[in-house]
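**Student:** Shown below is the structure under consideration.
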Amino acid sequence: MDLQQVFINNEHWIKEKLASDPAYFEHLAKGQSPEFLYIGCSDSRVTAEDLMGIKPGEAFIHRNIANLVNNVDLNVMSVLNYAVKHLKVNHIVVCGHYACGGVKAAMTPIDMGILNPWLRNIRDVYRLHKDELNGITDEEKRYDRLVELNVQEQCVNLIKTAAVQQAYYERGLQVHGWVFDIHTGRLIDLQIDFLKILKWVEEIYKIS
Ligand code: CO
């Protein structure tokens, strides 16, 4: 792609926005008050705004390889804290996607260098759900299920944080687990039972 095209596209976008709302950028510059925090995969095919049909200002976004919520990752933890404590989002979404290269790479027995410690989090998800996953003979279906279980475990990781626990008791913040089906474009709600997870997480991880 000719990079110059990006700036031409940008000019078109500005014209389009101003044609439908002459004060569009004035409003945008005033500040943000997003309703939710979206944590998704960095995969170039999975663009948060496009697949949800939302506009700038509606979601605070964090993306990394395989949509992980790692306890010691200062990046995701800073995003989480800012979104919950300052922007006061009411919903947090972890959105994985089928055919996730990160999930597949995690299960490949090769040295991936700096990616090893990152992807190990996914191997840990596999270990936690080994019996269920090993019971799925179709390899593609097993990966699809690992994608879903990875989303679920990242929701658990969110619920382990003080930020999420406090915001739940203060204003009823909710955590959701979704999967984007890259083959059909459909967004699937995994129906994560937030309250049930919160209850058992709090037995050990209550810090609020
Ligand atoms: Co991915």
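The values are calculated or read from the model by the stated rules, or taken from the named source; none is laboratory data. If you're wondering where the values come from, they're calculated on a predicted model, not measured in any experiment. Because the Cβ atoms are built from the backbone with ideal geometry, glycine has one as well, and the counts that use them run over all protein chains shown. In case anyone asks, the SASA skips ligands and DNA or RNA and just uses the protein heavy atoms, side chains included. Shrake-Rupley method; radii C 1.70, N 1.55, O 1.52, S 1.80 Å.
**Student:** Can you count the Lys pairs in the chain with C-alpha separation below 25 Å, eight or more apart or on different chains?
**Tutor:** 27
**Student:** Moving to a separate point now. Just from its helices, what would the mean residue ellipticity at 222 nm be for the chain, if runs of 4 or more DSSP H residues each count -39500 (n - 2.57) and the sum is divided by every residue, rounded to the nearest 500 deg cm²/dmol?
**Tutor:** It comes out at -15000 deg cm²/dmol, rounded to the nearest 500.
**Student:** Classify the chain: rounded, prolate or oblate, from the alpha-carbon gyration tensor (a ≥ b ≥ c, eigenvalue square roots; a/c under 1.5 rounded; otherwise prolate if a/b is larger than b/c)?
**Tutor:** It is oblate, given that a/c is not under 1.5 and a/b is not larger than b/c.
**Student:** If you count only protein heavy atoms and use a 1.4 Å probe, how large is the accessible surface of Val72, to the nearest 10 Å²?
**Tutor:** 130
**Student:** Which residue, Ser42, Ser78, Ser20, has the most motion in a Gaussian network model of the chain that connects Cα atoms within less than 10 Å?
**Tutor:** Ser20
**Student:** Could you please report the charge total around Tyr168, scoring K, R as +1 and D, E as -1 over all other residues with beta-carbon less than 15 angstrom from its beta-carbon?
**Tutor:** +4
**Student:** Shifting gears a bit: Most mobile of Val125, Val69, Val164 per a Gaussian network model of the chain (Cα springs, under 10 Å)?
**Tutor:** In this elastic network of the chain, the residue with the biggest mean-square fluctuation among Val125, Val69, Val164 is Val125.
**Student:** If Lys and Arg each add +1 and Asp and Glu each add -1, what is the summed charge of the other residues whose beta carbon sits under 11 Å from the beta carbon of Lys199?
**Tutor:** Result for the neighbourhood of Lys199: -1.
**Student:** By Kyte-Doolittle mean hydropathy of at least 1.0 and Cα axial length of at least 15 Å, which whole DSSP H helices of the chain are selected?
**Tutor:** none
**Student:** Moving on. With a cut-off of at most 15 other beta carbons within 10 Å, and DSSP calling the residue loop, which trypsin sites (Lys or Arg not before Pro) in the range 166-205 qualify? Please list them.
**Tutor:** When the trypsin sites (Lys or Arg not before Pro) of the range 166-205 are filtered for loop state and at most 15 Cβ neighbours within 10 Å, Arg186 remain.
**Student:** Can you tell me the relative contact order of the chain? Whole percent, Cα pairs under 8 Å, sequence separation 6 or more.
**Tutor:** Value for the chain: 20 percent.
**Student:** Moving to a separate point now. Would you please name the trypsin sites (Lys or Arg not before Pro) within the range 1-52 that are DSSP coil residues with at most 14 other C-beta atoms within 10 Å of their C-beta?
**Tutor:** Of the trypsin sites (Lys or Arg not before Pro), the ones in loops of the range 1-52 whose Cβ has at most 14 other Cβ atoms within 10 Å are Lys30, Arg45.
**Student:** With Cβ to Cβ distances under 10 Å as the rule, what net charge do the other residues near Ser208 carry (K, R +1; D, E -1)?
**Tutor:** -1
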